[in-house]
Amino acid sequence: MNIQINLDDKILDFVKAKSNQDIKNYIYDIVENVLVEQDIYADIVDVSIQSVTDAEIKDINKKYRNVDRATDVLSFPIFTMDELKNLNKTVKEIDLGDIFLCLDVIERQSIEYGTGIVREVLYMITHGMCHLTGHDHEIEEEKIKMRQLEEKVLNKVGVGRVNG
């Protein structure tokens, strides 16, 4: 599987400046592990991960979700979970959608939750990937499944749960 990520360098630079860590390989591992866990295979998989400001994410959140506040991550999947499951396993190329990260909100949360910037950014990317593969957290049962998948993937790539 060839994973092609349109990855905003601002994300890598931000984390490097805050933690002195390069997270690029982690990001590719997260994307691949979410796909494998969800049984999604294609010759080429495209994902976009971009950073936005507080104001930009607030505008996007208001426009598409009718929520007038900044948030940490927004995902815009192209397919539903059922559509992804019905794709032929030998699909040549698939574009899963877009993930927008607000690094300012994520940084504040990393301090509030005591997770550190690396874990928080990677968690948000994992969370976004779960959304791109059809997961949601509106219903408690789905929320539990999504959280379990997130933690499973983060543990596999070596950035498991902080504080328990």
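The values are calculated or read from the model by the stated rules, or taken from the named source; none is laboratory data. Since this is a predicted model, take the numbers as computed values, not measurements. Note: ideal-geometry Cβ built from the backbone for every residue, glycine included; neighbour counts use all protein chains shown.
Pick from segment 1-13 the residues that are in contact (Cβ under 8 Å) with a residue 40 or more places away in the chain and assigned to a helix (DSSP H, G or I): which of them is surrounded by the most Cβ atoms within 10 Å (Cβ to Cβ)? That would be Ile11. If you filter segment 111-153 down to residues that are in contact with a Lys or Arg (Cβ under 7 Å, 6 or more places away or on another chain) and farther than 25 Å from Leu87 by Cβ, you find that the one that is surrounded by the fewest Cβ atoms within 10 Å (Cβ to Cβ) is Glu151.
Would you mind stating whether Ile99 is over 21 Å from Gln4 (Cβ atoms), touching a helix residue (DSSP H, G or I) at 6+ places or on another chain (Cβ under 7 Å), modelled with pLDDT of 95 or more and surrounded by 14 or more Cβ atoms within 10 Å (Cβ to Cβ)? It is false that Ile99 is over 21 Å from Gln4 (Cβ atoms), touching a helix residue (DSSP H, G or I) at 6+ places or on another chain (Cβ under 7 Å), modelled with pLDDT of 95 or more and surrounded by 14 or more Cβ atoms within 10 Å (Cβ to Cβ). When the criteria are applied in full, Thr126 fails the requirement of being over 20 Å from Asn20 (Cβ atoms), at pLDDT 95 or above, β-branched (Val, Ile, Thr) and assigned to a loop (DSSP other than H, G, I, E, B).
Considering Glu141, Glu107, which residue is at pLDDT below 95, charged (D, E, K, R) and farther than 30 Å from Asn2 by Cβ? Unique residue meeting the criteria: Glu141. Consider segment 14-44 and keep the residues that are part of a helix (DSSP H, G or I) and among the aromatic types (Phe, Trp, Tyr). The one that is surrounded by the fewest Cβ atoms within 10 Å (Cβ to Cβ) is Tyr28. Residue check: is Ile57 within 13 Å of the chain's Cα centre (by Cα) and surrounded by 14 or more Cβ atoms within 10 Å (Cβ to Cβ)? When the stated conditions are applied, Ile57 does not pass them.
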